[in-house]
Amino acid sequence: MSQVDFRRWVHATAALYRPVGRAAEYAARGKLAGDPIYRALLSPQLIPNGSRLLDLGCGRALLAAWLKTVGEDYDAGQWAECGERPPRLECYQGVELMFADAQCARMALGPEAAIVTGDMQTAEWDQADVVVMLDVLYFLEPASQERLLARVRQHLPPHGRLLLRVADASAGIGFWWTLLVDHVVAGWRGHRLARFHGRPLGDWITLLERLGFSCQTQPMSAGTLFENVLILARPNTQPDRH
């Protein structure tokens, strides 16, 4: 992709949030422009074409808005540099605890995306091939993290995948900076102040493997001061030899 393409997508996606208000539009623009995860998730290697996508803790469903905008731009032949088509979803479902954020997502996306207002730990989910959790799992206590990940593992088909972005608690000051910024953002969006429950990256991998996933990791902090890592976790279909 070219920088010309990228800037156009950022502005077009942010404009979807204009009916909600200028603050929502500017927040979307800043997040898309500054967070490397959105470039990464345009890869069909992470989100295969035709996927049913479940976005847990979706916030304002920015990922759905981004994929919609970029996909429509590609189909219209607007790309300055032709590359691999971004993922085309079969369907999208987001689950968001905060009522205001869920309403913002509905206003931006309309009836094309199903947004459920509720706790991702207990809400009913549609069937999905890809489950996404970005920067949300450490809002839960360790035992709740494990229960939710076990539920995701049971929910996924053999070909499915979990895309989980976490802050690496072994990364020192970068981890604490990540938590500080997330505390500020969470407070601004109406979440009550709560203790975050991070883990070192190795502990996340150990937990996921114990729950039946095989994992690959990819740094996801380029151009930022954070220490985030994207974990691609697939159901492990190998027989247990123990």
Are there helices (runs of 4 or more DSSP H) fully within the stretch 1-109 with at least 2 residues that are under 22 Å from A128 (Cα atoms), modelled with pLDDT of 95 or more and out of contact with any strand residue (DSSP E or B) (no Cβ under 8 Å at 6 or more places or on another chain)? List them. 62-75
I want to confirm something. Restricting to the stretch 15-56 and keeping residues that are small (G, A, S) and within 24 Å of L149 (Cβ to Cβ), which single residue is surrounded by the most Cβ atoms within 10 Å (Cβ to Cβ)? S51
Within the stretch 66-79, the residues that are buried (at least 24 other Cβ atoms within 10 Å of the Cβ) and touching a Ser or Thr at 6+ places or on another chain (Cβ under 7 Å) are W66
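Return the residues of the stretch 122-133 that are part of a loop (DSSP other than H, G, I, E, B) and of a type outside the set (S, T, Y); say none if nothing qualifies.
Pass one, the stretch 122-133, residues part of a loop (DSSP other than H, G, I, E, B): 122-129.
Passing the criteria: A123, E124, W125, D126, Q127, A128, D129.
The values are calculated or read from the model by the stated rules, or taken from the named source; none is laboratory data. Here the structure is a predicted model, which is why all the values come from computation and not from measurement. Reconstructed Cβ throughout: ideal geometry from the backbone, glycine too, with neighbour counts over all protein chains shown.
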